[in-house]
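Read the figures in this text as sums done on the coordinates, not as results from a lab. Please read all numbers here as calculations on a predicted model, not as lab measurements. Note that we place each Cβ from the backbone using ideal geometry, even for glycine, and neighbour counts take in every protein chain shown.
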Amino acid sequence: MAVVVGVDVDKLVQMLPPAGVGMKMEPIRLCTACYVELPCHKIEWQLNVTQGCANHKLSLLSECPNCGARFKIPALWMDGWCQRCFMTFAEMANSQKRY
């Protein structure tokens, strides 16, 4: 697999979830505060054991707090806003609850 994706085996192993930890493929979850700082989806947001953002101490969002649209694939988030109502991730960060 490492050859196919062009990633070193050790690096690929580091990208996998810890042994015994499952992933939530849906819904897609994110910390909008993180995404404002660096538009990159973090795999740990999809781990079953992840309750929120460890960096910002905020709950993760799976839908726009303004219009309720579920987040689509991370590649569509590059614009930094909801694809339906255009609420920005910076505005959404104000809706994330502290945990």
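How big is the gap, in Å, between the Cα center of the range 49-90 and the Cα center of the range 1-34? Using only Cα atoms, the two centres lie 19 Å from each other.
Measuring from each cysteine beta-carbon in the chain, the ones with no other cysteine beta-carbon under 4.7 angstrom are Cys40. Could you sort out which of Lys24/Lys97; Lys11/Lys42; Lys11/Lys57 sit more than 22 Å apart by Cα distance in this structure? Beyond 22 Å: Lys11/Lys57.
Taken about its Cα centre, the range 21-93 carries a charge dipole of roughly 160 debye when the Cβ of each Lys and Arg holds +1 and the Cβ of each Asp and Glu holds -1. Springs between Cα atoms under 10 Å define the GNM used for the chain, and in it the highest mean-square fluctuation of Ala19, Ala33, Ala69 occurs at Ala19.
Rounded, prolate or oblate, given the Cα gyration tensor of the range 21-93, with a/c below 1.5 counting as rounded? It is prolate, given that a/c is not under 1.5 and a/b is the larger ratio.
Comparing Leu30, Leu60, Leu38 in a Gaussian network model of the chain, where Cα atoms under 10 Å apart are tied by springs, the biggest mean-square fluctuation is seen for Leu38. Estimated from helical segments only, the mean residue ellipticity of the chain at 222 nm is -4500 deg cm²/dmol, where each DSSP H run of four or more residues counts as -39500 (n - 2.57). Identify which of Gly20, Gly80, Gly68 has the largest mean-square fluctuation in a Gaussian network model of the chain, with springs joining Cα atoms closer than 10 Å. Looking only at Gly20, Gly80, Gly68, the biggest GNM fluctuation is shown by Gly20.
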